[in-house]
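The values are calculated or read from the model by the stated rules, or taken from the named source; none is laboratory data. Computed from a predicted structure; not experimentally measured. Backbone-built Cβ (ideal geometry, glycine too); neighbour counts: all protein chains shown. The area values use the complete protein model at the heavy-atom level, side chains included, leaving out ligands, DNA and RNA. Shrake-Rupley method; radii C 1.70, N 1.55, O 1.52, S 1.80 Å.
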Amino acid sequence: MTIFSRIIRREVPADIVYEDERCLAFRDVNPQAPVHVLLIPKKPIESLDSLSEDDRELAGHLLMKVPEIAAQLGLSDGYRTVINTGANGGQTVFHLHLHILGGRGLSWPPG
Ligand code: AMP
């Protein structure tokens, strides 16, 4: 079980900013921007590579939640959404998560 499953089960504390029956959003413990939130499905999907056809609606739900959560967090000047996948993608927690970063101008390309 990953640390994110433990957060869903309330076994590990987190600063939760949004929750519904299918997903949870909480602040990253090591923020890379003034606002840095992780949005995760409650279903323990390892990564984008692990999505199945059954997850099509859930994947859409997660994406549709991003602008809603960004607005709630006051990111009216824009934000970045990142999904790291696998070792070369920089993924460290193998429970699918969308990073939502904002509150400052973000440079491009990423490192
Ligand atoms: P990634 O490198 O894309 O897998 O991102 C994993 C993210 O999870 C990192 O930004 C970590 O800082 C964050 N993280 C790890 N453990 C926790 C935790 N207990 N609560 C909040 N964020 C966490």
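In table form, for the structure just shown:
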item	result
Accessible carbon and sulfur surface of the chain relative to its total accessible area, %, 1.4 Å	52 percent
Where GluC sites (Glu not before Pro) fall in DSSP loop in segment 3-100, at most 11 other Cβ within 10 Å	Glu11, Glu21
For segment 3-102: accessible area per residue (Å², 1.4 Å)	56 Å²
FRET efficiency, Asp20 to Trp108 (Cβ-Cβ, R0 22 Å, nearest 0.05)	0.10
Residue-span extension gain [Met1 to Met64] - 0.36 nm each, minus C-alpha spacing	20.0 nm
Contact order normalised by residue count of the chain, Cα under 8 Å, 6+ apart, percent	31 percent
Area accessible to solvent at Tyr18, 1.4 Å probe radius, in Å²	40 Å²
Relative counts (whole %) of C-alpha pair distances in the chain, using bins that are 5 Å wide	2, 11, 23, 25, 22, 12, 4, 0
At most 11 other Cβ within 10 Å, DSSP loop - trypsin sites (Lys or Arg not before Pro), segment 1-42	Arg9, Arg10
